[in-house]
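Enquirer: Would you mind keeping the following structure in view while I ask a few things?
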């Protein structure tokens, strides 16, 4: 999303001031809860990614820090403040951004490939990972390198003991895959970061356990062993 000065002045400032006026007429304050209700929850399944912090968005404009936004506060807000507010609340389409690969290649698929290679090799190399990520998941070398760098926490290290790669290390390496996770590109409707099933984030329903993904056939597993 790219927003210029004109976009802010013509869209966000009058929009927010108009919402505040409507809420005041109804006897309601413009709070974080109202902002979240208007803009949608993080797990909402509409094909858009929401990474923003509504509390942070409100705080940017809330000059007196009372947790309520007024028309006066919005009216005197600077362009930078309004832009920061818009950046927090505005969802974006993953297909319109550089980050598409984080969503298109799901977290679960990346983890499955990681674990498969770790199972067959004692020493996990950057080259083996990059080659398999590109060939098996049809991703790009840049993103493959990002993952391996996250696994070893260095751009200069090119191999690591497979046994040292823990679940926490994997989550660290795949933090952007967790951040940009959306259900329509995932192999499961359970969010990998929280374990919540899409659509049940705000109730007590327990998600069903997902079966561990297996190779489609023995030939695929044999091919992997030979390549490594």
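The values are calculated or read from the model by the stated rules, or taken from the named source; none is laboratory data. All of these numbers come straight from a predicted model, not from anything done at the bench. Quick reminder, even Gly has a Cβ in these numbers, built from the backbone with ideal geometry, and neighbours come from all protein chains shown.
Enquirer: Just to check your reading of the model, which residue among 102, 85 is in contact (Cβ under 8 Å) with a residue 40 or more places away in the chain, under 29 Å from residue 34 (Cβ atoms) and in a helix (DSSP H, G or I)?
Expert: On the way: 102 fails: under 29 Å from residue 34 (Cβ atoms).
Unique residue meeting the criteria: 85.
Enquirer: Of all residues in segment 109-122, which are touching a helix residue (DSSP H, G or I) at 6+ places or on another chain (Cβ under 9 Å) and either assigned to a helix (DSSP H, G or I) or modelled with pLDDT under 90 (or both)? Show your work before the answer.
Expert: As a first pass, look at segment 109-122 and keep what is touching a helix residue (DSSP H, G or I) at 6+ places or on another chain (Cβ under 9 Å): 109-111, 113-122.
Passing the criteria: 109, 110, 111, 113, 114, 115, 116, 117, 118, 119, 120.
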